[in-house]
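The values are calculated or read from the model by the stated rules, or taken from the named source; none is laboratory data. Since we're looking at a predicted model, the values are computed, not measured. Ideal geometry is used to build each Cβ from the backbone, glycine not excepted, and the neighbour counts take in all protein chains shown.
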Amino acid sequence: MSDEAVVYLDHAATTPVAPEVCEAMLAVLGDPGLAANPSSGDHAPGRRAAALVEQARAEIAALIGAQASEIVFTSGATESDNLALLGVARGSGWRGRHIVSSRTEHRAVLDALAHLEREGFEVTLLDPGAAGHVAPQALAAALRDDTVLVSLMHVNNETGAINDIGALGAVCREAGVPFHVDAAQGIGKFPIDVVAQGIDLLSLNAHKVHGPKGIGALYVSERARRRIEPLVFGGGQEQGLRPGTLAPHQIVGLARALTLAESRRESETARLRALRAALWEALQGCEGVLCNSPLDGHGSPWILNVCFEGVEGESLRYALDGLMVVSGGSACNSMHQEGSYVLRSLGRSDQQAMSSLRFSFGLATDAAGLARAAAEVIIAVRWLRAIAPAPQSASLRASSSAGAVN
Ligand SMILES: *Cc1c(COP(=O)(O)O)cnc(C)c1O
């Protein structure tokens, strides 16, 4: 595959920085008048840097229906998830030690929860099952008198399955339990209103929406603020919840990326929904394909996850080296030699999970690139099935066509 033919389809792992974002960040980095510490309120340059940070904070808050004082800057969604989970769990004191989440959360949530279990907390993980999203009734049934936090993701990073955040938030509000949402794959792609959707804590980052890596935020409602404890200690920045010198160029980049994403949200949603449908259509030219993503309104137009039955996962990965997609789940899982826990929770076998590919889209994704990608994948799959067939599954032997999971 020549260089110009490379099609980047791993936007759910990270996205290239948009030129407008790069420009806004460079303007801050390159201006000696903005080089002061935003916490140095005693001099004008410090106050100028602080004003820039506060303007970005207000822009981000407005995008999600929050107050500026409820936005805490962090290094990204992983840190935001950890601050929300560990911070609220440890800060809930006598109220209880039970937390509800789901099996298909990102590792940043699952590993933080595993740590809390070692501290003596009890965790209930809901199983979204074949649907891929958590039923509000299942959440209601899992809540107890001693439940101190619910943590559920907005959009799944492997399959694109969307949780009905408003309905889940209503269950939490009714029960008086703080609700944390990992919105790393949802922010800038779907409208979020923390008040209307009953959200108390929301993790977001910049690098999944054409912003820089290494910057994110946690929305902490005034209500949740009374319970949350910091994870690190220092100079008192971010109301003592996340001390450390603020990075104005990163914060400006985050705000610019999110406002740009919002301005393009509707047109990009429509454009990518059509492109995703066309890619799925093209991939069905290959027999024995199963869709791991909801294709209806419960699925994100930014992600298509497909299982190619009868292909050995590792060979598929090598055969598609020039094609930037992710096999076997997500970038985070690709370090593990097992089928993705998210795909297995849909009811896929280990083998099916290993022979699945995630295609994820962004601003530069176009019809020509996807057509090329589809053609290449189909050639590779047919070739691999011919030379190194994996244990054949029943549905392939029956040569059934596509089966969608909705
Ligand atoms: C990418 C991602 C994260 C981690 O975000 P970082 O900013 O890279 O730390 C957490 N949750 C989900 C759902 C993600 O997709």
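Does residue 109 fit the bill of being surrounded by 19 or more Cβ atoms within 10 Å (Cβ to Cβ), within 30 Å of residue 357 (Cβ to Cβ) and assigned by TED's automatic domain parsing to the domain that holds residue 219?
So residue 109 fits the description; yes.
Only one of these is more than 11 Å from the ligand (Cβ to nearest atom), crowded, with 22+ Cβ neighbours inside 10 Å, assigned by TED's automatic domain parsing to the domain that holds residue 110 and of a type in the set (A, V, I, L, M): 241, 231, 254, 202. Name it.
Result: 202 is the single residue among 241, 231, 254, 202 that is more than 11 Å from the ligand (Cβ to nearest atom), crowded, with 22+ Cβ neighbours inside 10 Å, assigned by TED's automatic domain parsing to the domain that holds residue 110 and of a type in the set (A, V, I, L, M).
Within the stretch 208-220, does at least one residue satisfy the condition of being more than 10 Å from the ligand (Cβ to nearest atom) and either assigned to a helix (DSSP H, G or I) or aromatic (Phe, Trp, Tyr) (or both)?
Yes - at least one qualifying residue is present in the stretch 208-220.
Take the conditions within 13 Å of the ligand (Cβ to nearest atom) and either more than 23 Å from residue 105 (Cα to Cα) or acidic (Asp, Glu) (or both) and apply them to residue 193. Does it pass?
no
Among all residue pairs at least 6 apart or on different chains, which show Cβ distances below 6 Å where the first residue, located in the stretch 246-263, is under 20 Å from residue 41 (Cβ atoms) and the second is surrounded by 23 or more Cβ atoms within 10 Å (Cβ to Cβ) and aromatic (Phe, Trp, Tyr)?
251/73
Do we find a residue being surrounded by fewer than 24 Cβ atoms within 10 Å (Cβ to Cβ), of a type in the set (D, E, K, R) and not in a loop (DSSP other than H, G, I, E, B) anywhere in the stretch 164-173?
Among the residues of the stretch 164-173, at least one is surrounded by fewer than 24 Cβ atoms within 10 Å (Cβ to Cβ), of a type in the set (D, E, K, R) and not in a loop (DSSP other than H, G, I, E, B), which makes the answer yes.
Give me the pairs: first residue in the stretch 358-382 and acidic (Asp, Glu), second residue part of a strand (DSSP E or B) and surrounded by fewer than 23 Cβ atoms within 10 Å (Cβ to Cβ), beta-carbon distance under 8 Å, and six or more apart or on different chains, which are they?
Taking only residues 6 or more apart or on different chains, not a single pair turns up.
Give, as residue ranges, the helices (runs of 4 or more DSSP H) completely inside the stretch 1-120 that count at least 1 residues that are modelled with pLDDT under 95.
The helices (runs of 4 or more DSSP H) meeting that bar are 44-63.
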